[in-house]
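Each reported figure results from applying straightforward, stated rules to the coordinates on display, with no laboratory input. Quick caveat: nothing in here was measured; it's all calculated off a predicted structure. Counting neighbours? That spans all protein chains shown, and the Cβs are built from the backbone with ideal geometry, glycine included.
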Amino acid sequence: MRLVEEQQADLHLWVSNQSFADDSVVLRVSIDGTGIVDQHFAVEHQHNWFLFPVRVPPGLHVVRVVSNTGVEIQETFTMPETGRQYAAVDYGNPAHGGARHVNWFIRSTPIAFA
């Protein structure tokens with residue numbers, strides 16, 4: 001696993017801070033233990049999505065996301081032999097109740113963000 005130029009990637013990983021209560025958060029994303037993302041994300045009206053183009057071999061993989069606020073998730077996904085996958089990681093913290101959380105989403109078609 002490694003970051004590559006966008007046209008060389010078979011996984012387009014989008015990451016964002018979608019919190020209403022935490023203006024900034026550090027998110028660390030790894031795939032099979034290899035660090036892919038480790039950076040600060042500002043909310044800025046929930047419209048900041050950052051692309052991390054990744055080269056991932058076919059097969060079963062484990063993605064782990066950890067925030068500096070103590071939230072973490074671990075999920076599995078399968079990369080196909082051919083074609084590209086599109087994934088999103090978003091961090092959230094509702095303004096009025098609820099818990100901090102991280103969401104992971106992956107699919108075979110591009111993701112449209114509003």
Ranking ASN48, PHE77, VAL26 by how far each Cα lies towards the positive end of the charge dipole of the chain (+1 on Lys and Arg Cβ, -1 on Asp and Glu Cβ), the top one is PHE77
Relative contact order as a percentage, the chain, C-alpha pairs under 8 Å and 6+ apart, gives 30
For the chain, the dipole about the Cα centre with charges only on Cβ (Lys and Arg +1, Asp and Glu -1), to the nearest 20 debye, works out at 140
Highest mean packing first, using Cβ neighbours within 10 angstrom, the peptides 34-46, 12-24, 97-109 sort as 12-24, 34-46, 97-109
quick note, the chain, DSSP beta bridge pairs, % antiparallel (nearest 5) is 85
For PHE20, other-chain or 5+-apart residues with amide H closer than 5 Å (H placed, Pro excluded) are ASN93, ALA95
Expressed in nanometres to one decimal, the distance between label points 7 Å along Cα→Cβ at LEU51 and SER24 is 2.6
Taking Rh as the Kirkwood radius computed over alpha-carbon pairs of the chain and applying Stokes-Einstein at 4 °C with viscosity 1.567 mPa s, one gets a diffusion coefficient in µm² s⁻¹ of 90
Taking placed amide H atoms and a strict 5 Å upper bound, the residues 5 or more places from ASN68 or on another chain that come that close are VAL26
